[in-house]
Every structure is written in structure tokens, then in C-alpha cells.
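Below is one structure, written out as C-alpha cells, with a few remarks after it.
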Amino acid sequence: MDLNAARFKRAPLGVRLAKDWRLNRLAYIMALPVAAYFITFCYLPMYGVAIAFKKYSPIKGIMGSAWVGLKYFREFTGGYFFWRTIRNTFLLGVFDIVWAFPAAIAFALLVNEMKFARLKKTIQTITYLPYFVSSVVIAGVILAFCAPNGLAGIYFNLLGQTPRSFLGDARYFRSVYVISNIWQYMGFNSIIYLAALAGIDQELYDAAVIDGAGRWRRLLNISLPGIAPTIAILFIMRLGSTLNVGSEKILLIYNAGIYETSDVIATFTYRKGLLENNFGYSTAVGLLNSLVNFVILYAANALSRRVSEVSLW
Amino acid sequence: MKRRFFAIALTAALAMAAAAPLTAGAELEKISDGTVTLSVFYPFHNDAIVSLADNQTVQKLEEMTGVRIEWLHPARGQEQEQFNLMMASNTLPDIINPGGEGNQFYPGGAAKAVEDGVFLRLNELLDQYSQYYWPMVSADPDFRRDAVMDDGTAYGFAMLEKEAQGTYSGLGVRQDWLDELGLEQPTTIDELEIVLTAFKERKGAETPFLLPSKGYDEETMMLMASFDTTHAFYQVDGQARWGAWEDNFKLYLEKMNDWYNKGLIPSDFSTMDDSQRNAAKSTGKAGLYKIGFWELESARKNSVDPDNFRVVALKTPYYLDEGEPSLRFTNSKVRGFFTSITGSCENPEAAVKWMDAWYSPEMTELCNWGFEGLTYYVGEDGLKHLSDLVISNPNGYSLTTVMGQYFMQSGTFVRDLSREWDIYTDDENAATGIWSSTPADWFISEALLSPTSEEGDELATLMSDINTLRDERVINWIMGVEPLDTFEQYQETARSMGIERAIEIKQQVLDRYNSR
């Protein structure tokens, strides 16, 4: 009787936890640093969003500063450049997803097909490299390429025009940004796909060869479906950071002449909020940015769950 | 016993010998018998020493006053952050020196800091304890105006200059080219264009005028001042104005656009970095550019043709045939470094006395010149001259570094810039005078104004958008991406963004300053 009751009634949480702890002690210990990281750097600082609603002064602290409500949100959304910064941020984010996201997948598939191990390693190392270089150096390289005596000069000479800088003309900025992003991140982002590809059962390929499938067929019918769940998950996560464009890079390469296409939320806030010590304003904009990102992420996840049954939660 | 005595005597003698060149001049009154310690926050960077505690003049001051100092030197670039951290954790030091001309550590400005009790109001303390600083400030109308805020509150000890340093940078022109081509120094914009064209056609200067990357120069306002306007606020007979939306600003833009089309300005001026600019100067691609007086000689040395190369200061030309500009930047005799005593200081009396000691005749001597026989000597002309240790340091240290080792390059003392005359060439010493020969009646020294925190907030909110608008349009107009017909529409936009309200606020602030 007692035994049966215990079987059907769920044990109290404490008991279940204690039991689980005994069973999976190592897993808990390994998860501890990760949990500590998120608690310390993501959850604890969250009370700081209060700054968005206050006229923050460091000496008075968050609690002591005067409450201004939605003042900074109104200032931002009512500002003269609001729509332009939103448009620029959104477009750069979207173009980056459209071009740079598939680039890493294509690259991983190509590398996966390579037969010479040494060449494969060399190519991978070379393509990872830009990822590990500091943005300042990357920006220096981009500026040099875009200078009239660099690649830009060659391009304009071919068109029969006077050489000028790519970064002196608002029309070229988005291309410069997206292409340099592909160069910077393609190699590194392909690692996770390569790992997924390595996990595909070799027997599938062998069977396909016997059935007479060529390389292209194997790629389309085995490799790609094999990494499809990985692609879906990464795509949802990428959508969640659509509005997080690489603002350090933009800050380092843009100039006032091309604000029309290059001034994004983060750079605008940097000029307005941080250079003028207006912490409340920058926090308000940051909060708004995160909210939009969250909405996009949530929508993408819901859509994906319905369509492909792959989802983050 | 005897041996021990001998050893002590020898050590003492050695110590005295080592200290001998450093003990000169009269002694200051002791502030404490060595029991008082003050903490001082001071941004300080030096290649030779890590802390001001190793500076010989500072050591001498400690010896004379008996006050021990705990120096807090924030890492370069993290001054504001560390100040904020100190405030947030309520661990302010006794004394805060901004280490430069700005005094904006406290969000909302110095007035707010005094109001909030972060910085002490010093007037009463100065009346009571200051022997040197306060009497000196009170006796000189320039000091009196600029060393305090609008309402007369003193919130810090400032760096004072014996003579105001005039306009230390401006336009530099290749004098050797002018001589070779038989041209006079241009005094009007039309003449300047003739000179630039001659540089391009006959001297092979591809882009003779190095226009700064914003399309204007914020500091010197060069060539905008030629058109009686500027990019920011200025004053005419006490009336605040904002130059960048005035009709004269369009004249400036038209001229720059014209020069851009004629190839007198680099096609990529908006994206050129410092190294590209320096290369253009040294290889003779350019013949007219912004330069500081201290850079004239090094520009020659770094050029590809140091034997003939000569760049000199050019007085700002004017857009009309008659007359001269009324606007240039200049400096007050009060040069920032407003060093405040904080609300956390437990011994304000000692802090004020210690700060005051910096302005004593003894410290003025030490801070400016250091030690006779070491950092300076008295020449046959009976005047003091900096020694080779300072001017051409055997360890290869720069002037600023050596100064920071033995005396003071800048800081809270009475600075005498004449000490530096030996260091510079004749062209360099003449440059400041040439640039300063135009009137500066229209100049507003933003650093000396004291807006209230409400005024500051509102101005910042309005101006950050308006400045973005201006900077973007200026580059596009000069490059011809946008036709200048749109200037009127831009004026309207600036109006709708509240420029008139901004001018109104600036006027209030300016009125208070002008009536000090």
C-alpha cells in the first residue's frame, strides 16, 4: 500500500533534487560555472535597467536618482534621426543574415568535401584567423582596402571614374559592411556545421554511392538534411540578434558623410549617450533594442516550431 | 662603536651629497610634522616614472611641507570610469585633479558637484588659509573672472599662466614653395586660391589643401573664420550665434566645394587617417594644412627634403579684400586643472594649505625650472635656460617625460611658458604671434562657461541631433554629393530641431559669464 502510494504520488521537490544530485552529481558540478556566469553577468545586472527610467547620477546610485519615467524613450523615438537609425540597423542586420548566414553553411559543405586533410586544415586555419583579430585591426584593414589607392581605386579605375574611397559614399557602406563581415566570421561560424557534418553516419554515404549517387546528390540528400536541425537552431538564434549589428566595427570605419546608411542605433546612442555621460538615455535605447530582438526571436521560434518542429524551447 | 658612528656619518654624507643639487632656495612653512597624509587622484602618464611620488619636485614639496601624499593614478583612458567607481563605492580621495583642461568628471558639471557636496566650496577656506593662491587670484582681473564660477564660487585650484598662451595652432603654409614661386603670403581667400593652384600646377602638389576629415577644423576654425562664421557657437558684441546655419557658412561651403571640384582638396578627405595626412605633408602632396607651432620643425625633419622644406604659420586670410577675421580660438590665463577638495576630506585645512603651497614662490621656481645645475643653468645673459638633460635627454626621453620626472609640465602652479623659448626654433616661436594677430573678439571659451545642469542637459539633447545633421551635410555638400541649393532647407530643418532654443540657452550662459 505504502509502496504504491509512493509510486504514484510525486515526491517533494527537495527529495527529487537530492536523488537527482546523487545520480548526476558530476553534471551539476559541470553546469555550475555556466549558471554562475549567467547569474552574475546576465541576471544580476538586470536591475540596472531601472536606469532607463531615471536621470542617473553615479554618486546618488540607482535608487537615489530622480525618476523621469519614459522621458528618454520619448526623446529617442521622437528624435529627428529615429527612423533612419532604425532602418539602417534593421537593413544591415537583415543583409547580414541573407548573405553571411548561408555563406558559413556553403563554406562548411565545401570544406567537408575536401579530400586532402592538410589543405583542409590550412584553409580552415586561414579562414578562422580574422575572427581572432581585434576589431581595431580589422577596421584598419577595411579602411586600407577602401582607400582610393587601395581596392576602391582599382574598382573606380575600371569603371573609368576618378578613384575615391568606398567609405566616402553612402551607397557602398552596406556592401562593405556585409562583405567584411563574411570575411571576418565565415570561417569561425562554419566550425559548428563542420562538427554536425562529422556526426553524419558514414554508412549513409556508402549506401548512396552504391545506389549511384554523385557528389552533388549526396550533398543535397545526405549532408544538408543531416545538418538541417543545426541550421534551424542557429538561424533562430541569429534572428534573435538581428538588431545587434557590429557597432564597434561601424564606429571605427564610418564617418559623418555616410551617416545616411551607416548610422545605426548603437553608434547613435554612443555619440549621444556615452560621449555625453547620459546613462539613462543609452540604457533606454539598449532596453528598447533588446525588446525588439526578443520579439523577433520569439516569433521566429514559434514559426519554426510549427513548420519544422525544431525549436529552442 | 667608532666604526658604527663612522658608517652612519658616511651614509649621511652620501645621502646629503646625493640630495645636494636638489636643496636650493628658501624653505616653506611646515604644514604638518609628517603625520598628515592626503590622497590625491591625478591622471598621470610618464615613460620614465610610474608615479608623481617619484617626481623630484613633488618629493621636495613633501619634504618642505611635511605632508605625505598617497597618489592615485588612474589608467589611461579610464579616468572617468575610475572616478565613477570611486563615487559609486563612496571612496573619494581627499583631492581630485582632472589632469587636464577639462573638469567634467562630475556628470552635470562642477556647479552640481558643489551643490551635491562632492566638491567643497573653497571660498571660506581660501580666505582663511590661502597665503599665495587666493591673494594672487583676487589681485588679477583675468584670474578672478575665470578661476571661479558665475556666482563667484571657487571649486578648485587652477593652473595659472604668467602670460596667456595665444593661438597655438592654425594654418601652416610651405614658405619654401612661396619663395620659389615668387609669391607673397596670401591675405585673402582669392589669393590663397591662386597660391594653392600654383602649388598644384607648378610644385606637383596633388592635393594642396589638407581639409580636416569633418570638412572643418573644430579647434582652430581655420577658413571658416575667414568667412566670419564657424561651425559652432560664437559671439558678436555679446550676442550668442550659431555659425553653421548662417548664410556665411554657405559661402564657406561653396568655396570648399569649388576647391574640391578643382582638385585642391583630397577626394577622400573625409576618410583620410593621420598617417595618410602625415605622408601627404612629408612628401609634398600638400602645401597648406593645420599645424601646431611645436610641430613646424619636426615637419621639416620628417619631410623627404629636409634641406629645403620650410612650413610657417599663416595668418588667417579673409574673404573680402579689406578687413580681417574677428574669430580665432585662444586661451585664458586660467588653464583648467581645476583641482578640487572633496566632501570626504577629513582635514580640509591641510588640503587647502598643501594645494596653496604649489603657488608659493619656491614652488613656482621648482615647478617651472626644477633644479639649478641639473635641469637648468643660468646663462651669460643672466637668464635661466633649460639644460640638455631636458632638451636633448641622453636616455632619449621626450621633453614632456623629462619634465614629469624632475619638475612639472602642467598642473596646479603658476606656469611660465617663457622657459620653453629655448626649445623651439624661430619660426616656431613666431607662429603663436602670427596666428594670434587676428582679433579674437568673437570667440567663446566653452570650457570657462558654467551652465547649470538643466541648461547643460537641454543643450546636450538639442545639439547632439543638430550636430549630427550638420556634420553629415557639410561633408556631402563639400563633396558635391548633395547640391548646395538644399542649404535653405537645411536651415529650416535646424530651426525645426530647436537651434533657436539652443542659442537662447547659450545666450543666458554667456550673459552670466560676460557679466562676471
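The values are calculated or read from the model by the stated rules, or taken from the named source; none is laboratory data. What you see is a predicted model; the values in this text were computed from it and never measured. Counting neighbours? That spans all protein chains shown, and the Cβs are built from the backbone with ideal geometry, glycine included.
Give the residue that is farthest from the other protein chains (Cβ to nearest Cβ), with candidates limited to residues of the stretch A:109-161 that are surrounded by 11 or more Cβ atoms within 10 Å (Cβ to Cβ) and of a type in the set (Ser, Thr, Tyr).
Step by step, filter the stretch A:109-161, then rank; the result is A:Thr122.
Free of Cβ contacts under 8 Å to residues at least 40 places away in the same chain and exposed (fewer than 15 other Cβ atoms within 10 Å of the Cβ) - does that describe any residue in the stretch B:337-350?
So far as the stretch B:337-350 goes, no, none of its residues is free of Cβ contacts under 8 Å to residues at least 40 places away in the same chain and exposed (fewer than 15 other Cβ atoms within 10 Å of the Cβ).
Between residues in the stretch A:28-42 that are assigned by TED's automatic domain parsing to the domain that holds A:Leu17 and residues that are surrounded by 11 or more Cβ atoms within 10 Å (Cβ to Cβ), which pairs lie under 9 Å by C-beta distance while being six or more apart or on different chains?
Once the first residue is assigned by TED's automatic domain parsing to the domain that holds A:Leu17 and sits in the stretch A:28-42, its partners that are surrounded by 11 or more Cβ atoms within 10 Å (Cβ to Cβ) give A:Tyr28/A:Asp20; A:Tyr28/A:Trp21.
Specify the residue that is surrounded by the most Cβ atoms within 10 Å (Cβ to Cβ); the eligible residues are those in the stretch A:167-193 that are among the aliphatic types (A, V, I, L, M) and in contact with a Ser or Thr (Cβ under 7 Å, 6 or more places away or on another chain).
Checked the stretch A:167-193; the qualifying residue surrounded by the most Cβ atoms within 10 Å (Cβ to Cβ) is A:Leu167.
Which of (1) under 26 Å from the mean Cα position of the chain (by Cα); (2) more than 14 Å from chain A (Cβ to nearest Cβ); (3) more than 25 Å from B:Thr438 (Cα to Cα) is the odd one out, the single condition B:Phe309 does not satisfy?
Single failed check for B:Phe309: (1).
Can you pull out the helices (runs of 4 or more DSSP H) entirely within the stretch B:1-101 that have at least 2 residues that are at pLDDT below 80 and not charged (D, E, K, R)? Let's see the steps before the verdict.
On the way: elements: B:2-19, B:56-65, B:79-88.
Qualifying helices (runs of 4 or more DSSP H): B:2-19, B:79-88.
What number goes with the only condition from (1) surrounded by 14 or more Cβ atoms within 10 Å (Cβ to Cβ); (2) away from every other protein chain (no Cβ under 14 Å) that B:Glu79 does not pass?
(2)
Working only within the stretch B:355-389, note down all residues that are over 21 Å from B:Tyr42 (Cβ atoms), among the aromatic types (Phe, Trp, Tyr) and touching a residue at least 60 places away in the same chain (Cβ under 8 Å).
Within the stretch B:355-389, just B:Phe371 meets the criteria.
Which of the residues belonging to the stretch B:296-317 are in contact (Cβ under 8 Å) with a residue 60 or more places away in the chain and either under 23 Å from B:Thr187 (Cα atoms) or not in a loop (DSSP other than H, G, I, E, B) (or both)?
B:Leu296, B:Glu297, B:Ala299, B:Phe309, B:Arg310, B:Val311, B:Val312, B:Ala313, B:Leu314, B:Lys315, B:Thr316, B:Pro317
Of everything in the stretch B:238-252, what is surrounded by fewer than 21 Cβ atoms within 10 Å (Cβ to Cβ) and modelled with pLDDT of 95 or more? Give them in sequence order.
If the condition is that a residue be surrounded by fewer than 21 Cβ atoms within 10 Å (Cβ to Cβ) and modelled with pLDDT of 95 or more, then B:Gln239, B:Ala240, B:Arg241, B:Glu246, B:Asp247, B:Asn248, B:Lys250, B:Leu251 are the ones that fit.
Inside the stretch B:461-503, can you point out the residues that are more than 14 Å from chain A (Cβ to nearest Cβ) and touching a residue at least 60 places away in the same chain (Cβ under 8 Å)?
B:Leu484, B:Phe487, B:Gln491, B:Ile503
When you scan the stretch B:347-406, how many residues do you find that are closer than 16 Å to B:Ile49 by Cα and part of a helix (DSSP H, G or I)?
Residues in the stretch B:347-406 being closer than 16 Å to B:Ile49 by Cα and part of a helix (DSSP H, G or I): 10 in total.
What single numbered condition from (1) at pLDDT below 95; (2) among the small types (Gly, Ala, Ser); (3) over 22 Å from the mean Cα position of the chain (by Cα) fails to hold for B:Ala351?
For B:Ala351, the exception is condition (1).
Going by what's in this entry, would B:Ser282 be described as buried (at least 20 other Cβ atoms within 10 Å of the Cβ) and more than 14 Å from chain A (Cβ to nearest Cβ)?
No.
Scanning for something among the charged types (D, E, K, R), touching a Ser or Thr at 6+ places or on another chain (Cβ under 8 Å) and surrounded by 14 or more Cβ atoms within 10 Å (Cβ to Cβ), does the stretch A:60-74 turn up at least one residue?
No, that holds for no residue.
Any residue in the stretch A:233-251 that's assigned by TED's automatic domain parsing to the domain that holds A:Ala266 and within 29 Å of A:Arg305 (Cβ to Cβ): show its pairings with residues that are of a type in the set (Ser, Thr, Tyr) and crowded, with 18+ Cβ neighbours inside 10 Å at Cβ separation under 7 Å, as long as the two are six or more apart or on different chains.
Matching pairs, first to second residue: A:Ile236/A:Ser304; A:Leu243/A:Thr89; A:Val245/A:Thr89.
Considering (1) modelled with pLDDT of 90 or more; (2) of a type outside the set (Gly, Ala, Ser); (3) in a loop (DSSP other than H, G, I, E, B), say which one A:Arg10 fails and leave the rest.
(1)
Looking for something assigned by TED's automatic domain parsing to the domain that holds A:Arg174, under 26 Å from the mean Cα position of the chain (by Cα) and part of a helix (DSSP H, G or I) - is there at least one such residue anywhere in the stretch A:146-156?
Going through the stretch A:146-156, the residues assigned by TED's automatic domain parsing to the domain that holds A:Arg174 turn out to be A:146-156.
Checking which are under 26 Å from the mean Cα position of the chain (by Cα) leaves us with A:146.
Okay, now just the ones that are also part of a helix (DSSP H, G or I), so A:146.
Looking through the stretch A:146-156, at least one residue is assigned by TED's automatic domain parsing to the domain that holds A:Arg174, under 26 Å from the mean Cα position of the chain (by Cα) and part of a helix (DSSP H, G or I).
Keeping to the stretch B:294-317, report how many residues are in contact with a Pro (Cβ under 8 Å, 6 or more places away or on another chain) and buried (at least 22 other Cβ atoms within 10 Å of the Cβ).
Qualifying residue count, the stretch B:294-317: 3.
Which of the following residues is touching a helix residue (DSSP H, G or I) at 6+ places or on another chain (Cβ under 9 Å), closer than 29 Å to A:Ala299 by Cβ and among the hydrophobic types (A, V, I, L, M, F, W, C): A:Ala198, A:Ala228, A:Ala213?
A:Ala228
Conditions (1) surrounded by 18 or more Cβ atoms within 10 Å (Cβ to Cβ); (2) of a type in the set (Asp, Glu); (3) on the phi < 0 side of the Ramachandran plot, marked per residue:
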position	(1), (2), (3)
B:Ile466	yes, no, yes
B:Glu472	yes, yes, yes
B:Asn476	yes, no, yes
B:Leu484	no, no, yes
B:Gln489	no, no, yes
B:Glu504	no, yes, yes
B:Gln508	no, no, yes
B:Ser515	no, no, yes
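Going by what's in this entry, would B:Glu482 be described as among the acidic types (Asp, Glu), part of a loop (DSSP other than H, G, I, E, B) and in the same structural domain as B:Ser445 (by TED's automatic domain parsing)?
In short, yes.
Could you check how many residues of the stretch A:262-291 are buried (at least 20 other Cβ atoms within 10 Å of the Cβ) and closer than 16 Å to A:Arg84 by Cα?
10
Which residue pairs have Cβ atoms closer than 6 Å, lie 6 or more positions apart in sequence or on different chains, and pair a first residue in the stretch B:265-279 that is at the interface with another protein chain (Cβ under 8 Å from one of its Cβ atoms) with a second residue that is hydrophobic (A, V, I, L, M, F, W, C)?
Note: pairs meeting the criteria are B:Ser270/B:Ile475; B:Thr271/A:Leu167.
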